[in-house]
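Working notes, structure below.
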Amino acid sequence: LDLSRRCRCRRDRESLRTRTHKRAFVPSRRGKMKKQGPRMVPRAVSRRDGFLSVLMFVVMSTLLLSPFLLFAPRVTAESGFTPAADFAHRQAECEACKVFNEHLFEIFSMNGKVQRLKSEHSVCDDQFWHLSTNMHAHEFKDACERIESHLKGMEAVKKEYLQWPLKKKVDRGNHKSQQLLVQVKRKVCVETIGVCGDSDIPGPLDRRRTPCETCDVVVKSLAGHLARYENQDISDYRREGLLEEKMATFCKEFDKEAFDDPGLKSTADIMVYCTELVRLSAEDIKSSFNRHKSDTGAVLRDVCPRNNKCGLFPGHFEL
């Protein structure tokens, strides 16, 4: 009896595996058959169903990931940086080139003339480049070494040393010497190694400077100062402090940053414009830099609009 019951149970199980039953009977522990609810038996998945499943998976994945793809940082093919990092990288290199030549100018001024430095002398070893309290950006410091290495590698002209005319008299407080510095900055940073754009150090003019050109010089000087630091990562409070520190003194320093106005034979036009811009728009300048950080073009559009409204007060060029 037990043997026949076991055989019958085995046959029942096999039939359940191969067929779909609306009301299946399975043996109970006592040997009696009891009813069980509908049982689903897997069926073969058609190619059409498989295609639809894959399609739905792709669509749902795209919808879920679209916010991340939309707001993910873009990387430019030219430099390998995101646009924001690319702005910061370019500004740091340009500013480093300017400061590198300013340091050479100070060294030559102490000696009274341009002369070759000892081969082991490195401008980038100066304490300025390794300040710990102000935390100069790594890109700014590294750019100095790249620029120095590049210039020393191409040093082959006997009459010039790192694009400076040898034996030329240099005096820190002399206006002609300061204009020589501007000339060398443009020759090295724009024309020779190309780390600065043409508008970063504009060439000599044969006309009066326009208000918008003057505004450009002032704003780019502030942007260059921020480029010495981690401008993309520092806090708004820190950025505002750096700008306030720079705006307190820089309006008198443009003899070493821009060519003379040919009519005035000085940079007095920039000094006057800078003084008024800081007086009237200091808060707007800080707010714009906080919004755009290293995107100087966006700051220029905020502070120096291109609709001929860069002037600050009537007749301010009548010096």
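The values are calculated or read from the model by the stated rules, or taken from the named source; none is laboratory data. These figures come from a predicted structure and were not determined experimentally. Here the Cβ positions follow ideal geometry from the backbone for every residue, glycine too, while neighbour counts run over all protein chains shown. For accessibility, only protein heavy atoms count, side chains too; no ligands or nucleic acids. Shrake-Rupley method; radii C 1.70, N 1.55, O 1.52, S 1.80 Å.
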Check your understanding: Picking from GLU245, GLU276, GLU283, GLU213, which residue would you name as being among the charged types (D, E, K, R), touching a helix residue (DSSP H, G or I) at 6+ places or on another chain (Cβ under 9 Å) and open to solvent by 30 Å² or more (accessible area, probe 1.4 Å)?
Key -> GLU245
Point to revise | Evaluation of ALA227 against (1) at pLDDT 90 or above; (2) open to solvent by less than 20 Å² (accessible area, probe 1.4 Å) (one fails), failing number | key: (1)
Review point. Quick check: anything in the stretch 152-174 charged (D, E, K, R), part of a loop (DSSP other than H, G, I, E, B), without any contact (Cβ under 8 Å) to a residue 12 or more places away in the chain and touching a Pro at 6+ places or on another chain (Cβ under 8 Å)?
Key: yes
Point to revise | Tally of residues being of a type in the set (Phe, Trp, Tyr), assigned to a loop (DSSP other than H, G, I, E, B) and farther than 21 Å from GLY173 by Cα across the stretch 205-262 | key: 1
Practice item. Could you grab me the full set of residues in the stretch 255-273 that are touching a strand residue (DSSP E or B) at 6+ places or on another chain (Cβ under 9 Å), within 12 Å of THR214 (Cβ to Cβ) and crowded, with 21+ Cβ neighbours inside 10 Å? Key: THR267, ASP269, ILE270
